[in-house]
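Trainee: Sharing a structure, written as C-alpha coordinates. Questions coming.
The values are calculated or read from the model by the stated rules, or taken from the named source; none is laboratory data. Nothing here was measured: the structure is a model prediction, and the numbers come from that model. When we count neighbours, we look across all protein chains shown, and the Cβ atoms used for this are built from the backbone with ideal geometry, even at glycine.
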Amino acid sequence: MRKYIVAGNWKMNNDLTETQSLLKALKHETNSGNAQVIVAPTYVNLYPAIEVLKDSDIIVAAQNMHQNASGAFTGEISAAMLKGIGVTTVILGHSERRAYFYESDELLAQKVDTALSNDMRVIFCFGEELADRQSGNHEKIVESQLRNALFHLSANQWSKIVLAYEPVWAIGTGETASPEQAQDMHAFIRKVVGGKYDATTADNVTILYGGSVKPANAKEIFSKPDVDGGLIGGAALKAQDFFEIVNAF
(Lines give C-alpha, C1' and ligand atoms only; values in the text may rest on other atoms or scores of the structure.)
Protein backbone atom coordinates (compact mmCIF):
# COMPACT_ATOMS: atom_id res chain seq x y z
CA MET A 1 0.00 0.00 0.00
CA ARG A 2 1.33 3.42 -0.95
CA LYS A 3 2.22 6.04 1.65
CA TYR A 4 0.69 9.49 2.03
CA ILE A 5 3.48 12.09 2.18
CA VAL A 6 3.70 15.83 2.71
CA ALA A 7 7.21 17.06 1.87
CA GLY A 8 8.43 20.62 2.35
CA ASN A 9 11.11 21.76 -0.08
CA TRP A 10 12.68 24.83 1.51
CA LYS A 11 14.84 25.65 -1.53
CA MET A 12 17.48 28.38 -0.87
CA ASN A 13 15.73 29.79 2.19
CA ASN A 14 16.33 30.01 5.96
CA ASP A 15 19.65 30.49 7.73
CA LEU A 16 20.61 28.34 10.72
CA THR A 17 18.59 30.29 13.27
CA GLU A 18 15.51 30.40 11.04
CA THR A 19 15.89 26.70 10.28
CA GLN A 20 16.06 25.70 13.93
CA SER A 21 13.12 27.93 14.83
CA LEU A 22 10.88 26.55 12.09
CA LEU A 23 11.84 22.95 12.82
CA LYS A 24 11.10 23.34 16.53
CA ALA A 25 7.67 24.73 15.67
CA LEU A 26 7.00 21.83 13.28
CA LYS A 27 8.26 19.29 15.78
CA HIS A 28 5.93 20.44 18.53
CA GLU A 29 2.85 21.27 16.50
CA THR A 30 2.65 19.03 13.43
CA ASN A 31 0.25 16.12 13.76
CA SER A 32 1.21 13.87 10.86
CA GLY A 33 -1.84 11.62 11.23
CA ASN A 34 -1.98 9.44 8.13
CA ALA A 35 0.79 11.30 6.30
CA GLN A 36 4.56 11.00 6.55
CA VAL A 37 6.15 14.45 6.94
CA ILE A 38 9.42 15.33 5.21
CA VAL A 39 11.43 18.57 5.26
CA ALA A 40 14.29 19.48 2.93
CA PRO A 41 16.44 22.35 4.25
CA THR A 42 19.59 23.59 2.52
CA TYR A 43 22.75 21.47 2.59
CA VAL A 44 24.43 23.49 5.35
CA ASN A 45 21.44 23.01 7.64
CA LEU A 46 20.82 19.30 7.09
CA TYR A 47 22.78 18.10 10.11
CA PRO A 48 21.31 20.74 12.45
CA ALA A 49 17.88 19.62 11.19
CA ILE A 50 18.70 16.01 11.99
CA GLU A 51 19.71 17.06 15.50
CA VAL A 52 16.55 19.09 16.14
CA LEU A 53 14.29 16.33 14.82
CA LYS A 54 16.12 13.29 16.22
CA ASP A 55 13.25 12.35 18.55
CA SER A 56 10.58 13.26 15.99
CA ASP A 57 8.80 11.34 13.23
CA ILE A 58 9.63 14.12 10.73
CA ILE A 59 12.14 12.97 8.10
CA VAL A 60 14.95 15.17 6.76
CA ALA A 61 15.68 15.03 3.02
CA ALA A 62 18.31 16.61 0.77
CA GLN A 63 17.31 18.85 -2.14
CA ASN A 64 19.84 17.34 -4.55
CA MET A 65 23.05 15.27 -4.78
CA HIS A 66 25.81 14.48 -7.24
CA GLN A 67 25.82 11.35 -9.36
CA ASN A 68 29.45 10.45 -8.59
CA ALA A 69 30.74 8.88 -5.38
CA SER A 70 33.64 11.35 -5.00
CA GLY A 71 36.13 13.40 -6.99
CA ALA A 72 36.98 16.85 -8.28
CA PHE A 73 33.45 18.25 -8.26
CA THR A 74 33.78 21.50 -6.34
CA GLY A 75 30.69 22.47 -4.40
CA GLU A 76 28.93 19.13 -4.85
CA ILE A 77 27.64 16.63 -2.28
CA SER A 78 27.70 12.83 -2.57
CA ALA A 79 25.26 10.18 -1.42
CA ALA A 80 27.79 8.90 1.14
CA MET A 81 28.11 12.38 2.64
CA LEU A 82 24.34 12.60 3.03
CA LYS A 83 24.06 9.14 4.55
CA GLY A 84 26.95 9.91 6.88
CA ILE A 85 24.82 12.52 8.66
CA GLY A 86 21.66 10.43 8.60
CA VAL A 87 19.94 11.69 5.44
CA THR A 88 18.51 8.81 3.39
CA THR A 89 15.94 10.64 1.23
CA VAL A 90 16.84 12.94 -1.66
CA ILE A 91 14.83 15.10 -4.06
CA LEU A 92 15.98 14.73 -7.67
CA GLY A 93 14.85 16.38 -10.91
CA HIS A 94 13.14 19.43 -9.45
CA SER A 95 11.93 21.81 -12.16
CA GLU A 96 14.34 24.49 -10.94
CA ARG A 97 17.29 22.09 -11.25
CA ARG A 98 16.16 21.26 -14.77
CA ALA A 99 15.59 24.90 -15.79
CA TYR A 100 18.46 26.73 -14.06
CA PHE A 101 21.13 24.04 -13.94
CA TYR A 102 20.23 22.22 -17.17
CA GLU A 103 19.81 18.79 -15.59
CA SER A 104 18.74 16.36 -18.30
CA ASP A 105 16.77 13.13 -18.04
CA GLU A 106 19.98 11.23 -18.77
CA LEU A 107 21.84 12.92 -15.91
CA LEU A 108 18.91 12.33 -13.59
CA ALA A 109 18.89 8.64 -14.48
CA GLN A 110 22.50 8.50 -13.27
CA LYS A 111 21.60 10.32 -10.05
CA VAL A 112 18.70 7.95 -9.43
CA ASP A 113 20.99 4.96 -9.92
CA THR A 114 23.53 6.41 -7.48
CA ALA A 115 20.87 7.09 -4.87
CA LEU A 116 19.37 3.60 -5.14
CA SER A 117 22.79 1.93 -5.05
CA ASN A 118 23.30 3.72 -1.74
CA ASP A 119 19.93 2.50 -0.44
CA MET A 120 18.41 5.99 -0.49
CA ARG A 121 14.82 6.89 -1.24
CA VAL A 122 14.26 9.22 -4.20
CA ILE A 123 11.56 11.85 -4.54
CA PHE A 124 11.65 12.21 -8.33
CA CYS A 125 10.23 15.43 -9.78
CA PHE A 126 8.93 15.92 -13.31
CA GLY A 127 6.30 17.92 -15.16
CA GLU A 128 5.46 19.99 -18.20
CA GLU A 129 5.98 23.68 -19.01
CA LEU A 130 3.17 26.06 -19.97
CA ALA A 131 3.91 25.70 -23.70
CA ASP A 132 3.59 21.92 -23.40
CA ARG A 133 0.20 22.23 -21.70
CA GLN A 134 -1.07 24.78 -24.22
CA SER A 135 0.04 22.64 -27.17
CA GLY A 136 -1.56 19.52 -25.76
CA ASN A 137 1.79 17.74 -25.41
CA HIS A 138 1.72 17.58 -21.61
CA GLU A 139 1.10 13.84 -21.35
CA LYS A 140 3.78 13.08 -23.95
CA ILE A 141 6.34 15.21 -22.06
CA VAL A 142 5.54 13.64 -18.70
CA GLU A 143 5.71 10.11 -20.10
CA SER A 144 9.04 10.89 -21.78
CA GLN A 145 10.56 12.22 -18.54
CA LEU A 146 9.50 9.08 -16.68
CA ARG A 147 10.72 6.70 -19.38
CA ASN A 148 14.08 8.41 -19.84
CA ALA A 149 14.98 8.69 -16.16
CA LEU A 150 13.21 5.80 -14.42
CA PHE A 151 12.09 3.03 -16.76
CA HIS A 152 15.47 1.30 -16.75
CA LEU A 153 14.80 0.34 -13.12
CA SER A 154 13.47 -3.03 -12.03
CA ALA A 155 10.01 -3.26 -10.47
CA ASN A 156 11.62 -4.06 -7.12
CA GLN A 157 13.61 -0.81 -7.20
CA TRP A 158 10.38 1.18 -7.36
CA SER A 159 9.85 0.56 -3.65
CA LYS A 160 12.43 3.35 -3.17
CA ILE A 161 10.81 5.78 -5.64
CA VAL A 162 8.32 8.53 -4.80
CA LEU A 163 7.01 10.51 -7.78
CA ALA A 164 6.35 14.25 -7.55
CA TYR A 165 4.39 15.73 -10.45
CA GLU A 166 5.07 19.45 -10.92
CA PRO A 167 2.90 21.32 -13.42
CA VAL A 168 5.49 24.04 -14.02
CA TRP A 169 2.89 26.04 -15.93
CA ALA A 170 0.86 26.47 -12.74
CA ILE A 171 3.71 27.78 -10.57
CA GLY A 172 4.22 31.55 -10.64
CA THR A 173 2.58 31.99 -14.06
CA GLY A 174 -0.86 33.27 -13.09
CA GLU A 175 -2.37 30.06 -14.42
CA THR A 176 -4.28 27.81 -12.03
CA ALA A 177 -4.28 24.01 -11.96
CA SER A 178 -7.55 22.57 -10.70
CA PRO A 179 -7.79 19.51 -8.43
CA GLU A 180 -9.40 17.73 -11.38
CA GLN A 181 -6.41 18.49 -13.59
CA ALA A 182 -4.11 17.17 -10.87
CA GLN A 183 -6.15 13.97 -10.61
CA ASP A 184 -6.23 13.48 -14.38
CA MET A 185 -2.45 13.69 -14.65
CA HIS A 186 -1.83 11.51 -11.59
CA ALA A 187 -4.15 8.86 -13.02
CA PHE A 188 -2.27 9.07 -16.33
CA ILE A 189 1.07 8.71 -14.56
CA ARG A 190 -0.15 5.64 -12.70
CA LYS A 191 -1.39 4.18 -15.99
CA VAL A 192 2.01 4.76 -17.64
CA VAL A 193 3.85 3.08 -14.76
CA GLY A 194 1.43 0.18 -14.87
CA GLY A 195 1.93 -0.19 -18.60
CA LYS A 196 5.68 -0.45 -18.19
CA TYR A 197 5.62 -2.66 -15.09
CA ASP A 198 2.39 -4.03 -13.60
CA ALA A 199 -0.71 -2.95 -11.68
CA THR A 200 0.87 -3.69 -8.33
CA THR A 201 3.85 -1.41 -8.97
CA ALA A 202 1.56 1.35 -10.24
CA ASP A 203 -0.83 1.03 -7.30
CA ASN A 204 1.98 1.06 -4.74
CA VAL A 205 3.95 4.07 -5.97
CA THR A 206 3.27 7.31 -4.10
CA ILE A 207 2.58 10.25 -6.41
CA LEU A 208 2.82 13.74 -4.91
CA TYR A 209 1.39 16.92 -6.39
CA GLY A 210 3.73 19.91 -6.59
CA GLY A 211 1.56 22.63 -8.06
CA SER A 212 1.34 25.38 -5.44
CA VAL A 213 -0.47 23.46 -2.71
CA LYS A 214 -1.78 25.80 0.00
CA PRO A 215 -3.98 25.42 3.08
CA ALA A 216 -6.96 26.62 1.06
CA ASN A 217 -6.73 23.90 -1.60
CA ALA A 218 -4.87 21.06 0.12
CA LYS A 219 -7.90 19.13 1.36
CA GLU A 220 -9.61 19.10 -2.02
CA ILE A 221 -6.42 18.14 -3.89
CA PHE A 222 -5.51 15.40 -1.40
CA SER A 223 -9.04 13.97 -1.63
CA LYS A 224 -8.43 12.89 -5.23
CA PRO A 225 -7.90 9.11 -5.47
CA ASP A 226 -4.53 9.21 -7.25
CA VAL A 227 -3.02 12.14 -5.33
CA ASP A 228 -1.01 10.83 -2.37
CA GLY A 229 0.21 14.11 -0.91
CA GLY A 230 2.22 17.13 -1.89
CA LEU A 231 5.67 18.54 -2.49
CA ILE A 232 5.25 21.93 -0.88
CA GLY A 233 7.32 25.03 -1.69
CA GLY A 234 6.51 28.45 -0.26
CA ALA A 235 3.85 27.24 2.18
CA ALA A 236 6.41 24.93 3.80
CA LEU A 237 8.30 27.98 5.07
CA LYS A 238 5.38 29.08 7.24
CA ALA A 239 4.74 26.80 10.18
CA GLN A 240 0.99 27.41 10.39
CA ASP A 241 0.47 26.92 6.65
CA PHE A 242 2.47 23.68 6.70
CA PHE A 243 0.52 22.46 9.77
CA GLU A 244 -2.75 22.98 7.93
CA ILE A 245 -1.55 21.22 4.78
CA VAL A 246 -0.29 18.20 6.74
CA ASN A 247 -3.54 18.09 8.70
CA ALA A 248 -5.56 18.16 5.46
CA PHE A 249 -5.22 14.37 5.54
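Trainee: Mind counting the residues in the stretch 77-93 that are within 29 Å of residue 55 (Cα to Cα) and either part of a loop (DSSP other than H, G, I, E, B) or among the basic types (Lys, Arg) (or both)?
Mentor: We begin by selecting, within the stretch 77-93, every residue within 29 Å of residue 55 (Cα to Cα); these are 77-92.
Those left that are additionally either part of a loop (DSSP other than H, G, I, E, B) or among the basic types (Lys, Arg) (or both): 77-78, 83, 85-88.
Residues in the stretch 77-93 being within 29 Å of residue 55 (Cα to Cα) and either part of a loop (DSSP other than H, G, I, E, B) or among the basic types (Lys, Arg) (or both): 7 in total.
Trainee: Out of the stretch 43-57, which residues are assigned to a loop (DSSP other than H, G, I, E, B) and among the charged types (D, E, K, R)? If you could, list the steps in order and put the result at the bottom.
Mentor: Within the stretch 43-57, the subset assigned to a loop (DSSP other than H, G, I, E, B) is 53-57.
Those that are assigned to a loop (DSSP other than H, G, I, E, B) and among the charged types (D, E, K, R): 54, 55, 57.
Trainee: Going by what's in this entry, would residue 221 be described as under 23 Å from residue 134 (Cβ atoms), among the aliphatic types (A, V, I, L, M) and touching a Pro at 6+ places or on another chain (Cβ under 7 Å)?
Mentor: Details: under 23 Å from residue 134 (Cβ atoms): yes; among the aliphatic types (A, V, I, L, M): yes; touching a Pro at 6+ places or on another chain (Cβ under 7 Å): yes.
Here the answer is yes, as residue 221 does meet what is asked.
Trainee: Residues of the stretch 106-123 being assigned to a loop (DSSP other than H, G, I, E, B) and touching a Ser or Thr at 6+ places or on another chain (Cβ under 6 Å), which ones?
Mentor: From the stretch 106-123, those assigned to a loop (DSSP other than H, G, I, E, B) are 118-120; that's our starting set.
If the condition is that a residue be assigned to a loop (DSSP other than H, G, I, E, B) and touching a Ser or Thr at 6+ places or on another chain (Cβ under 6 Å), then 120 is the only one that fits.
Trainee: Pairs under 6 Å by beta carbon, first residue within 21 Å of residue 116 (Cβ to Cβ) in the stretch 135-152, partner of a type in the set (Gly, Ala, Ser) and in a helix (DSSP H, G or I), six or more apart or different chains?
Mentor: Correct list of pairs: 149/109.
Trainee: To continue, here is another question. Taking the conditions exactly as written (in contact with a strand residue (DSSP E or B) (Cβ under 7 Å, 6 or more places away or on another chain), of a type outside the set (A, V, I, L, M) and either touching a residue at least 60 places away in the same chain (Cβ under 8 Å) or surrounded by fewer than 16 Cβ atoms within 10 Å (Cβ to Cβ) (or both)), does residue 94 satisfy them or not?
Mentor: Yes, satisfied.
Trainee: Return the total of residues in the stretch 122-151 being crowded, with 19+ Cβ neighbours inside 10 Å and of a type in the set (Phe, Trp, Tyr).
Mentor: The total comes to 2.
Trainee: Suppose the filter is assigned to a loop (DSSP other than H, G, I, E, B), over 25 Å from residue 50 (Cβ atoms) and out of contact with any Phe, Trp or Tyr (no Cβ under 9 Å at 6 or more places or on another chain); does residue 103 pass it? Write out each step before concluding.
Mentor: On the way: assigned to a loop (DSSP other than H, G, I, E, B): yes; over 25 Å from residue 50 (Cβ atoms): yes; out of contact with any Phe, Trp or Tyr (no Cβ under 9 Å at 6 or more places or on another chain): yes.
Yes.
Trainee: For the stretch 129-165: of the residues being at pLDDT below 95 and assigned to a loop (DSSP other than H, G, I, E, B), which is nearest to residue 95 (Cα to Cα)?
Mentor: It comes out as 129.
Trainee: Tally the residues that are farther than 20 Å from residue 247 by Cβ, touching a Leu at 6+ places or on another chain (Cβ under 8 Å) and of a type in the set (S, T, N, Q), restricting the search to the stretch 1-50.
Mentor: So the answer is 3.
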